[in-house]
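A.B. asks: Sending over a structure as structure tokens; questions will come in a sec.
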Amino acid sequence: MEVVRPEYVPDSALSREEMEALQDDTAADAVFADDHGIDPDAIRLDDTVESEGDYDPDGRPVVVGVDQAFTDDESVSAVVAIQGDRVVERATGRASLDLPYIPGLLAFREGRSIVNALESLDAPADLLVLDGSGRIHFRQAGIATHVGVIFDAPALGVAKNLLCGTPRRSLDEYYEEGTRIPIEATDRVSAPAGTVIGHAYQSRQYPNPETRHVNPLIVSPGHRVSAETTVDFVEALCAGYKLPEPTRLADADADRVK
């Protein structure tokens, strides 16, 4: 993949004020509406992805999962490109770990290794699925937004925890598989209050709430995808596990590389 907006590549040497200003600029250039031409059914998976094969230029859209792992001094990123029911390419990236974990500034801790990994990917990415937030972010510029704008690629974020915003229903309840709960911007988010900036999506659930239950995923648009379509894509890509297949595979690769 080719970097389209190099001025947005995160730099951990910036001051916090400079980082936040860069996020504001990134969000201003982000598109939180559908601009991709992908039908969710075109990427729908019936089962987990177990096979490997070559990229088919006439085949289904290529979806790339992105996830990270960490050593004491490095961020390690893995990207896995799937096309239909097979993996067509894998790539990794590394960068020095110069910044502690700071909520809202994840791109400046992990972004360099992600950019390195995606730059080494040969297969064209029709959709990026990142472990982290997109528009569900104080400045509407989570890591999925940041990376999506850098490459000008359709991107979405899948997080395990809610960073900001208010769900229309409590997330502490038991919800059946397939439930979607809109998450609205509050005055802590730069979007107008009440804007739907993502969803809590119940990708998997145990049938008996008295025994155990699965928490929903927090999904949000990163770039060139709407909030509603983001959930459609995640639903299409979950195949037996809580996480969508692309990020599930990338998570395993990142751990192996580490």
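A.B. asks: Once the piece of chain linking ASP172 and ALA252 is laid out straight, how much longer is it, given 0.36 nm per residue of separation minus the C-alpha distance between them? Kindly include the intermediate steps, with their values, before the conclusion.
C.D. replies: On the way: separation 80, 0.36 × 80 = 28.80 nm, distance 2.83 nm.
Stretched fully, the ASP172-ALA252 segment lengthens by 26.0 nm.
A.B. asks: Say the dipole of the chain comes from +1 at the beta carbon of Lys and Arg and -1 at that of Asp and Glu; which of VAL31, GLY142, ALA123 then lies farthest toward its positive end?
C.D. replies: With unit charges placed on the Cβ atoms, the residue in question is GLY142.
A.B. asks: Once both labels are modelled 7 Å past Cα along the beta-carbon direction, what's the ALA42-ALA28 spacing in nm?
C.D. replies: 3.3 nm
A.B. asks: If you don't mind, another one. Output ³J(HN,Hα) for the stretch 82-90: one whole-Hz value per residue in order, computed from phi by the Karplus curve 6.51 cos²θ - 1.76 cosθ + 1.60 with θ = phi - 60°, and x for Gly and Pro.
C.D. replies: Along the stretch 82-90, the couplings run 10, 9, x, 9, 9, 7, 10, 6, 10 Hz.
A.B. asks: Still on this structure, I have one more. Given an 8 Å cut-off on Cα distances and at least 6 residues of separation, report the relative contact order of the chain as a percent.
C.D. replies: Details: 669 pairs, mean separation 62.1, N = 258.
Relative CO of the chain lands at 24 percent.
A.B. asks: Using the beta-carbon distance between ARG60 and ARG180 and R0 = 25 Å, what value does 1/(1 + (r/R0)^6) give for FRET efficiency, to the nearest 0.05?
C.D. replies: Details: r = 25 Å, r/R0 = 0.98.
In this case the efficiency is close to 0.55.
A.B. asks: OK, next. Round to a whole angstrom and tell me the spacing of the C-alpha centers of the stretch 1-58 and the stretch 139-182.
C.D. replies: 14 Å
A.B. asks: Can I ask one more? Report the one residue of VAL257, GLY132, ASN161 whose Cα lies farthest in the direction of the positive end of the charge dipole of the chain (charges on C-beta: Lys and Arg +1, Asp and Glu -1; origin at the Cα centre).
C.D. replies: Positive-end residue among those listed: ASN161.
A.B. asks: Ranked highest first by average number of other Cβ atoms within 10 Å, how do 130-142, 42-54, 63-75 line up?
C.D. replies: Working: 130-142: 29.2, 42-54: 13.5, 63-75: 20.5.
Highest mean packing first, the order is 130-142, 63-75, 42-54.
A.B. asks: Taking all pairs of distinct Cα atoms, average 1/r, flip it, and tell me the Kirkwood hydrodynamic radius of the chain in Å to one decimal place.
C.D. replies: Working: mean 1/r = 0.0554 Å⁻¹.
18.1 Å is the Kirkwood radius here.
A.B. asks: OK, next. In nm, to one decimal, how far is the modelled label at LYS160 from the one at HIS213, with both set 7 Å along Cα→Cβ?
C.D. replies: It works out to 1.9 nm between the two label points.
A.B. asks: Report the charge-dipole magnitude of the stretch 1-89 in Debye, nearest 20, computed about the Cα centre from +1 at each Lys and Arg Cβ and -1 at each Asp and Glu Cβ. Walk me through the intermediate numbers first.
C.D. replies: Working: 5 positive and 26 negative charges, 22 e Å.
Approximately 100 debye in magnitude.
A.B. asks: What's the FRET efficiency of ASP73 with ALA193 using the Cβ-Cβ distance as r and R₀ = 51 Å, to the nearest 0.05? Before the final figure, lay out the partial values.
C.D. replies: Values: r = 41 Å, r/R0 = 0.80.
The pair ASP73/ALA193 has a calculated efficiency of 0.80.
A.B. asks: Assigning unit charges at the beta carbon (Lys, Arg +1; Asp, Glu -1) and nothing else, what dipole magnitude in debye, to the nearest 20, does the stretch 105-258 show about its Cα centre?
C.D. replies: Values: 16 positive and 20 negative charges, 86 e Å.
About 420 debye.
Coordinate-derived values only; no laboratory data. What you see is a predicted model, and the numbers here were worked out from it, not measured in a lab. Virtual Cβ from ideal backbone geometry, glycine too; neighbours counted across all protein chains shown.
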